[in-house]
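Following: one structure in C-alpha cells, then a few remarks.
The values are calculated or read from the model by the stated rules, or taken from the named source; none is laboratory data. Everything numeric here is computed off the predicted structure, so don't read it as measured data. Please note: Cβ atoms are built from the backbone with ideal geometry, for glycine as well, and neighbour counts cover all protein chains shown. Remember, those area values only see protein heavy atoms, side chains included, never the ligands or the DNA or RNA. Shrake-Rupley method; radii C 1.70, N 1.55, O 1.52, S 1.80 Å.
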Amino acid sequence: MACFVFTLFFLVVFRIPASLSSDPSEPMCYDWGESREGSVSVLEGEAGWLSCPLFFHPSVYNYTSTQSAGHNLFWYHVPEGQDLEQPIRNSSRLSKDRERLWLQPAVATDTGQYICMLRNKSSCSKIAMRLKVLRPDEVTRGADCAPPVAMATTHMTIALQGGGVLDCPNLQDAKKIADSEPTVTWHHVKPDSLRCEKDLFWHNRQQKGASLQVHVMMDSYQGLYFCTVQFQRKGQILNFTRSINVSAVYPPFLPKEPSILHPAKDQVFIVKQDTEVRLVCRGLFPYLDSPREIWWTVDGKTLDKLHDHHRFSKSNRQVKYEYGDRTEESVLLIQDFQSEDLNREYNCSVRNERGFETRRAQLKEEVSLPSVELGCGLGVTLVLMLLLFVVYHVFWLELLLLYRSWFGTDERHTDDKEYDVYISYARNGEEEHFVLSTLRSVLENELGYSVCIFDRDSLPGGTITDETLSFVARSRRLLVVISPGYASQGSQALLELKAGIDSMALEGHLRVILIQYKPVRRQGWVRELRRARVALALVRWQGDKSRELTSRFWKRLRVELPVRRVSIREEDGSSKDVSLMRLHSQNSTNSQTGLITSTIKDPQKVLNSAA
C-alpha cells in the first residue's frame, strides 16, 4: 500500500519514469526524471546545499523511514555539458548530511545536474535536479552597497505602528552543521534612496541575538534587509547571504471588509447597440493574508454558464497598492450589444474572508444625435459667418452708407441749424482752389448739402470774430481741411477750429471732421489740431484716386456728414421722404426720371417742386 501511494504521488509531482535498470542483477530502479521544483542557485564562494526532492513530502516518504527500511542515499553529478554521471564522495568541501548535499563552499565547476538515488537490495528510485553556481557579477543588485544574493528573496509584512521580528532564512540549517553558534550581520537598503544602513541599533530597530527586531514599524523601514550568516565547520569559515523584502501594511484593527468603489450606486452606463460595451468595476480589498476575489455575473450566472458566453469576457488587473490595501479592477466586455441586453441584470461582486458586497450596473441606451446634419449645419454657419466677416471687412463703408440711407434721421427735423457744413481751410491759392472747385462743388451740387464758406457767405463790414463764431454755431458739421499751410496761416483758420471744438464741447451737437489734404509733419500740428486728431475722424485726400465720387474718400466723408432727406412726388400724387445719398446711388445705376437727375444737381429745385 505504501509503495502504491508513493508511486502515485511521484506520477503526479514528477515526470513519468524515463527508464528502468537494464542490469538483471540490480534491483529495478525508477527514474523520475528532473524535478519540477526548479533549479537551485548558489553564489560562488558561499556555502550552499542541495536537498533530495524525494523527501520533499515527508508524509509520503521521509528520511528516517527509509533508513529503517535499509535504504541508502547516493549522490551523482553530471557536469555542465557532459552526460557521464560521476559519483560524489565525502570530502572536505562536499559532505552529505541526511537528505542534503553540502557545498563548503561552492565553486564554478559545481554547476550541472545532480541525481539523488535511494536504493536497497530490492528497490531503487532516483530523481535529478539542477544547480547553478553564480559569480558575484552575474547577480543583479539594486544598489552598489547591496551584497550579491543568489537565492530568491523572501517576503515579510509588518503592520504600521506595530512590531515584528526578522529571522535570517536558512539560519537553522547552518546551526545543524556548524561547530559553533553562527553570527548574523544585518543591513538595510531603502527602496527610494538606494542607500544602505549597516548600523540598525537606533530608533525603533534593534538586533537581538541573530534576529532583527522592529519595535514600531514606520514607512521608512520598508525595503530590502540583508543578513549574512557566518559559521565554522571543521576548521573552515563559511558564510552565505539571504535577503528579505519587508513591506508595511495597514494595522489589523482597521476595517477589513471589501468595498466597491466603482460604479457608484446611482451611476448609469451609457451604451450603444451593435458596439462593444465595456463595464468597469473597481473594488478595494483591505490588507488580509487570505484569498480575495472580484467578478461579474449576468442574470445571476457567471460568464462561463451563460448560453451566449462567447459574447462575454472579462479581464482583471491590480490598479493600486498602498500598504497592503489593493484596488483591483474587473472589466466586463460585451460584444455586439443588442437591445435585449438592456433588460439583463449585471452585477459586480467583491469578497474576502471578512465580507462580501455586490452592486448592480445600470445601463441606458445612448440617444443617437443627427451628427451629419449637425455637422453640416455647423459648417454652413461657420462659412456664412466667415463670409459675413469678409464682406463687412471689405464693404463696411458701403454697408454703413446703406444703413444710413434707409434708417438715418434727417437732422434738419431735430435742430435749428442753417448750414450742413462749415468749411475751414488755409487761405492760400492751392487749398482755396481745392475747397471751392472740388469740395464745395461736390457737397453742394452732387450730394445736396448746404455749405457755408466764410469768404463767400459773410457780409461786408462785419466783425471777423463774431461772424466766424456765428457761422460755426449755425452749422451741423465743421469740416477742417488740414495742410502744411493750415497751422502756419494764423488766426482765421485756428479761430474756426477752436470755435468748433468749444461749441461741440458745450452743446454736444457740432461734429468736427478733419480732412487731410496734404501730409503734415507731427511737429507742424498746433495744440488744437493735436487734441482734435486724437478724438476726431480723419479723412485723407489721395489726389486723383479720390476724385471719383465712388472713391473711398467720398464714402468715408459721407459717413461723417448728416443724412439729408427730401420729399419727392410720385406719379399717383403722393409724396415720400428719400435720402439724397440714396437718390445719388439710384442715379448712378438707373436714370428713370428727370426729376431725380435734377434733384441731385439742384436740391433746392427738388424742395420747391415737392412743396
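Overview of results
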{"item": "Accessible surface of the stretch 105-195 [probe 1.4 Å, protein heavy atoms]: carbon and sulfur percent", "result": "50"}
{"item": "Accessible area in square angstrom per residue, the stretch 360-463, 1.4 angstrom probe", "result": "63"}
{"item": "Rounded to whole Hz, the Karplus (6.51, -1.76, 1.60) HN-Hα couplings of the stretch 536-546, x for glycine and proline", "result": "10, 6, 10, 10, 9, 8, 10, x, 4, 5, 9"}
{"item": "Rounded accessible area per residue of the stretch 241-312, 1.4 Å, Å²", "result": "54"}
{"item": "Accessible-area composition of the stretch 361-410, carbon plus sulfur, in percent [1.4 Å probe]", "result": "77"}
{"item": "Residues with amide H under 5 Å from that of residue 197, placed H, sequence gap 5 or more", "result": "188, 189, 190"}
{"item": "Interchain or long-range residues, amide H under 5 Å from residue 35's placed H", "result": "128, 129"}
{"item": "Accessible surface of the stretch 249-313, 1.4 Å probe, proportion on carbon and sulfur as whole %", "result": "53"}
{"item": "Sites residue 94 and residue 307, calculated FRET efficiency, Cβ-Cβ separation with R0 51 Å, nearest 0.05", "result": "0.20"}
